[in-house]
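K.L.:
Attaching a single structure in structure tokens format; questions to follow.
The values are calculated or read from the model by the stated rules, or taken from the named source; none is laboratory data. Note that the structure is a prediction, hence the values are computed from the model and not measured. Ideal geometry is used to build each Cβ from the backbone, glycine not excepted, and the neighbour counts take in all protein chains shown. Areas reflect the complete protein model, heavy atoms only, side chains present, ligands, DNA and RNA absent. Shrake-Rupley method; radii C 1.70, N 1.55, O 1.52, S 1.80 Å.
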Amino acid sequence: MLHGETEEILINVSGTIEEMVKADISYAGTVKKCSGIPYLIKLLTIENQELLVNTTKAIGALARDTESRLEMERLDGFRLIWSLLKYPSSSVQASAAWAICPYVKSSRASSEMVRNYVGGLEVLVQLLMSSGEVQAAVCEAVAAIASNPENLAIMSDHNVVQYLTQIALSQHVNGNDLLKSCLAKAIRECCVWGQNSKEFGQRQAVSPICSYLSSKDSDVVREAAKALCALSRDPQNCITIHQCGRGVVRRLIRHTGSRDEELREAAAGIMSNIRTLALTTEKIRFYQSKN
């Protein structure tokens, strides 16, 4: 890889590095020791779509390793990855967004670094209106970045709630379990800021997420329940969940006994919020009847 091979060979090599590191993170140390990281970063500047896709995937896999990530930071690799979000190819944009996710999740410095890219978060949020291939990756990136309150506030100012809701209400999300899972994750994380949870409800995003509970994909069901748990902290959203039909409530009750701990806790949280709202309403009615 270090001796001027053809781009076709480089495509295969970078793809192999990604698969190796994904299978066993210890291979990241080998790549670093062989001076592979600087060369991978250099490949990000070559105008070859397939090579860019494989290289960003390799860098994303390597970002899970602390030492490799630190070297990539020193080489300005994260900025180059972020710049590829503007590349005129949905495949490159998607692979860049996927590569951003492990970096953001693994690096404490990433939150501030993201804000330093002028207009970077706006570009990311606007990509939510791209094709399904890009949308799933960007939803995952939004979910990762939203864990930082300042970044979530900026994305909220750039209408992230509106764009996520538009995806939820669109037809092309049907049959795309990966997009459903990533979308639900992004909605859950974005509920934390300000009135976002209420705004999701006002924009009619709650009912589509309720429908995900009937999915045969366990990841979709788990992420949908976690999103609904966050959404149900708003009273009106609780009402919407309850009004989605007995099937939704029955599924939630069944999921409170799930072996999946995250699903079990999310379902229990939703039911608790619904019960709390119901009890509060009854108390208000009782006191009103006394007066």
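K.L.:
If you average the alpha carbon positions of segment 80-98 and of segment 144-191, how far apart do those two centres end up, in angstrom?
P.N.:
18 Å
K.L.:
Sketch the reach of a paramagnetic label on Q204 as a point 7 Å from Cα along Cα-to-Cβ, and name the residues of segment 162-184 whose backbone nitrogen lies under 17 Å away.
P.N.:
162-174
K.L.:
Moving on to the next point. Quote to one decimal, in nm, the extra length available between S106 and S26 on full extension: 0.36 nm per residue of separation minus the C-alpha distance between them.
P.N.:
Between S106 and S26, full extension yields 27.2 nm more.
K.L.:
Quick one: compute the contact order of the chain, relative version, from alpha carbon pairs under 8 angstrom and 6+ residues apart, as a percent.
P.N.:
Dividing the mean separation by the residue count of the chain yields 11 percent.
K.L.:
Which of rounded, prolate or oblate describes segment 6-129 when judged by the alpha-carbon gyration tensor and an a/c cut-off of 1.5?
P.N.:
Since a/c reaches 1.5 but b/c is at least a/b, the shape of segment 6-129 is classed as oblate.
K.L.:
Under Stokes-Einstein, with the Kirkwood radius over Cα pairs standing in for Rh, what whole-number D in µm²/s applies to the chain at 20 °C and 1.002 mPa s?
P.N.:
Values: Rh = 20.4 Å.
For these conditions, the coefficient is 105 µm²/s.
K.L.:
Now for a separate question. Using a 1.4 Å probe on the protein heavy atoms, what percent of the accessible area of segment 60-123 belongs to carbon and sulfur?
P.N.:
With neighbouring chains kept in place, the figure for segment 60-123 is 49 percent.
K.L.:
List the cysteines in the chain whose Cβ has no other cysteine Cβ under 4.7 Å from it.
P.N.:
C34, C101, C190, C191, C229, C238
K.L.:
Residues of segment 153-289: accessible area per residue at 1.4 Å, in Å²?
P.N.:
53 Å²
K.L.:
What nm distance separates the two modelled labels at E5 and S90, each placed 7 Å from Cα along Cα→Cβ?
P.N.:
For the pair E5/S90, the computed spacing is 3.0 nm.
K.L.:
Cut-off under 17 Å on the C-alpha distance; same-chain residues fewer than 8 positions from K57 excluded. Which lysines are left, in chain and number order?
P.N.:
Partners within reach: K22, K32, K42, K86, K105.
K.L.:
Let me ask you something else. Which helices count as membrane-span-like in the chain under these terms: full DSSP H, at least 18 Å along the axis by C-alpha, Kyte-Doolittle mean of -1.0 or more?
P.N.:
7-23, 49-62, 90-106, 132-145, 177-190, 218-231, 261-290
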